[in-house]
Amino acid sequence: MADILDAAEWDLVSRGVRQRVAALERFLGDVYGPGRVFDDGVVPWRLAYTSGEFRREVAGFAPPNGVRVHVAATDLIRDEQGEFRVIEDNTRIPSCATRVAGFPSRLLAALRAAAPQGVVDPFVVMLTPGAAHSEHAAYAEHKSLARLLGVDLVEGRDLRCHRNHVYAHTGNGRCPVDVVYRQVADDWLDPMHFRPESRLGCPGLINAARAGNVTIVNAVGNGVADGRLTYPYLPDLIRYYLGEEPLLGNAESGRLPWHIGLRAFAVNDGRDVAVFPGGLTQAWERCG
Amino acid sequence: MRLSVSWWLRIAHVTEVSYAGPVLTSFNEARMTPLTLPTQTTLEARLTVGPGSVPVWTYRDYWGTRVTSFELPEPHNHLVIRSSATVATAAAAAPSDSLSWGAVRYAVARSRLLEFRLPTPLTTMGPEAVETAVGDVSAMAPDDAAAAIAARVHERVTFLPGATGVRTGAQEAWDKGQGVCQDMAHVTVALLRAAGLPARYVSGYLHPDPWAEPGRTAIGQSHAWAEYWAGSWSALDPTSLAPVAARHVIVARGRDYNDVPPLKGTYRGAPERAMSVKVELTRLA
C-alpha cells in the first residue's frame, strides 16, 4: 500500500472514516428514535419517508449496546488535488473480504460486544443466504469468514424462533443464539415483517430483536444511512452530531478522476471504532 | 353548553381460521386493541388465542398501535383469536379553525405530516381519476373540500362485499365503482392527499345503530374510515357518511391498510380453507 498512500495520509483516512461512522451511527439512532435531525431542518423528512430502506418495523427500540453499524465499508478516491474523498458508505452488509491483521478478531469482539444484556459468553452465528441463493464468490467468502471468526455458519432453515428467543439447530444440537451476523438483506430476514415468501431468514427474528433477546448485525434499517439520498448530507451530519468539521469530503459528482480508489473497513464495538485498510477498489467502475 | 354524547361500548371480535390440513410454525400479529385517545378511552382489553392457551406478547408499533404477537409452534388445523374490549367513546370535538391551503402546504413540507401526504401503492390514483374527483376542490376551504371528497367517494363506490379483496388499491376500486369500507377509505385517503391534505387510514369498529339501546348486542364488523389534517385532524366516514363520533371505535391509524391489518401472519403447511370473523358490539351505557 506504500505507493498508494503514506502513513500520514492513512492516519487522516482512518480518523475521517471513524468520524463518518460516528455520524452515521448517530443519524441512525436519531432516524429510528426522536428524529431531531429532521425537526431541526438539517435533513428533510422526505428523505426518510421516501426511502424504501426506512424500516418502520424497527423504530422505537435500540440495540443492546447502542450500536447499529458494527461493521462498515467506506470507499474513497483521490481527487485531482490528491486529497482523499469518500464516494460511498456501506452500513448494510459490507463484503468483508479483508484479511488485514487484526480485522477478524476485532470484528468478533464487536459481535460479542453487541450481545443482549446479561449474556456473559454470547453465542454468535453467521447467517448466509446459502450456496443456492448467493453468488459463488460471496458464499465462499461467508464460509471463509465464518471459519476465521470461529462462528457457526447457518442458513434460515437452521434457525427457529420461539417465544422471542432464537435457536440454532447445528451439528451440536439446539443452541440459543445471542447475535446473528447476517449476510441476508433486510427484505428477506423475517417473513412475518418483510417479504412473506422468504425462506432465507427466520419468522420471529424482528420481534426477538425488539424483545432484546437477540442482536441483528448490522442492524435492520441501516440502508437509510448509506443511500444516494443521504450521501450529500454527510458533511452536515458530521457538523450537526459531532460539532466537528468533516475530515474527509464527499466527491463532487460528475468530476470523478480516473483513479484507483481505496476501501476502508470500520468496526465498532460500542466503545471504539477501529479502521482497517480494505484494499483497493476500482473506483471508475463503481461510479460510471 | 352541549351535553357530551358519550357511549360505553363492549366489543367482542372473534376470528376463526381453518386450514385444509396441518399447519406448523405459525407466527402472527393482531392489531385489534382499541387505542386510548382524547376522544376515546379503552377501559379494558383482552386478546386470547387458541387452540389451547397460546402465550401472547404485546408491543406498540411505529404507528402507536397495540400489537399482539403470538406463535403456534405445534401442528394445528385451526386458529381462533378472541379480542374483547370495553371502550368509552365521545362525540368528536368541534373542529378548530382550519388553515388555508397555503398554510397546510407550509406545515406539511416541514413536519411529520408529510408521511401522510405522500401516496402509497394502495393509495395511488392516476391523473384522470384525480382530475375528475378533486379537480375543482381547491376553490373550496380545506374542510369543505374534504367533505366533498367523502361524498363523491360514497356516490362513486357502491358498497358491495366480495367485489374487491384486501390487496385492492384505490384506483381499482374507483374504476370498478364497487367495494367495501376499506376501499372507500383508501379512495378517500388517496383523493385527500391528491388535493393536498395529509390523510390517514383508520381501522376500527362502527356500531350500526345510532339509537342503540343499552344492553342489546348488535352484529357489527370491522370498519375503516379516513382522517385528514387541515390544522388539526378530523375524521370522515365515506361508507356511512355518518359523523365520526361515539359509535366509532379507533383501533389503529396508518398510511393505508398495510400499516394496520387486524391480522397478519406467516406459517408453513396446508392452505387456508376458511376464515370467519364475528364482531359483536354492545352499547353498555
Need the failing condition index for B:G265 against (1) within 12 Å of chain A (Cβ to nearest Cβ); (2) within 24 Å of B:A91 (Cβ to Cβ), just the number. (2)
Residue selected from the range B:100-122 under the condition more than 11 Å from chain A (Cβ to nearest Cβ) and of a type in the set (A, V, I, L, M), by the criterion farthest from B:N258 (Cα to Cα): B:A103
Residue count, the range A:28-43 (criterion: in contact with a Lys or Arg (Cβ under 6 Å, 6 or more places away or on another chain) and over 19 Å from A:T91 (Cβ atoms)): 0
Answer from B:A235, B:A285 - the residue that is closer than 20 Å to B:T120 by Cα and of a type in the set (G, A, S): B:A235
Going by what's in this entry, would A:N207 be described as out of contact with any helix residue (DSSP H, G or I) (no Cβ under 8 Å at 6 or more places or on another chain), assigned to a loop (DSSP other than H, G, I, E, B), within 25 Å of A:L24 (Cα to Cα) and within 14 Å of chain B (Cβ to nearest Cβ)? no
So is B:S69 surrounded by fewer than 19 Cβ atoms within 10 Å (Cβ to Cβ) and within 14 Å of chain A (Cβ to nearest Cβ) or not? no
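Residue-by-condition table, conditions (1) in the same structural domain as B:V189 (by TED's automatic domain parsing); (2) at pLDDT below 95; (3) not in a helix (DSSP H, G or I):
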position: B:T68; (1), (2), (3): no, no, yes
position: B:E74; (1), (2), (3): no, yes, yes
position: B:A85; (1), (2), (3): no, no, yes
position: B:P95; (1), (2), (3): no, yes, yes
position: B:R105; (1), (2), (3): yes, no, no
position: B:L122; (1), (2), (3): yes, no, no
position: B:A133; (1), (2), (3): yes, yes, no
position: B:S138; (1), (2), (3): yes, yes, no
position: B:A147; (1), (2), (3): yes, no, no
So, B:E29, is that one touching a residue at least 60 places away in the same chain (Cβ under 8 Å), among the acidic types (D, E) and within 14 Å of chain A (Cβ to nearest Cβ) or not? yes
When residues of the range A:262-284 are limited to those that are at pLDDT 95 or above, surrounded by fewer than 23 Cβ atoms within 10 Å (Cβ to Cβ) and small (G, A, S), the one farthest from A:R15 (Cα to Cα): A:G270
Scan of the range A:37-87 for residues that are within 14 Å of another protein chain (Cβ to nearest Cβ), part of a loop (DSSP other than H, G, I, E, B) and either of a type in the set (V, I, T) or in contact with a Cys (Cβ under 6 Å, 6 or more places away or on another chain) (or both), ordered by number: A:V42, A:V43, A:T50
Total residues in the range A:150-177, condition assigned to a loop (DSSP other than H, G, I, E, B) and closer than 18 Å to A:D121 by Cβ: 3
Quick one: would you say A:R99 is at pLDDT 95 or above and basic (K, R)? no
Would you mention how many residues in the range B:32-66 are within 14 Å of chain A (Cβ to nearest Cβ) and in contact with a strand residue (DSSP E or B) (Cβ under 8 Å, 6 or more places away or on another chain)? 13
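The values are calculated or read from the model by the stated rules, or taken from the named source; none is laboratory data. Computed from a prediction, not measured in an experiment: that's the story for all the values here. With ideal geometry, Cβ positions are generated from the backbone for all residues, glycine too; neighbour counts draw on all protein chains shown.
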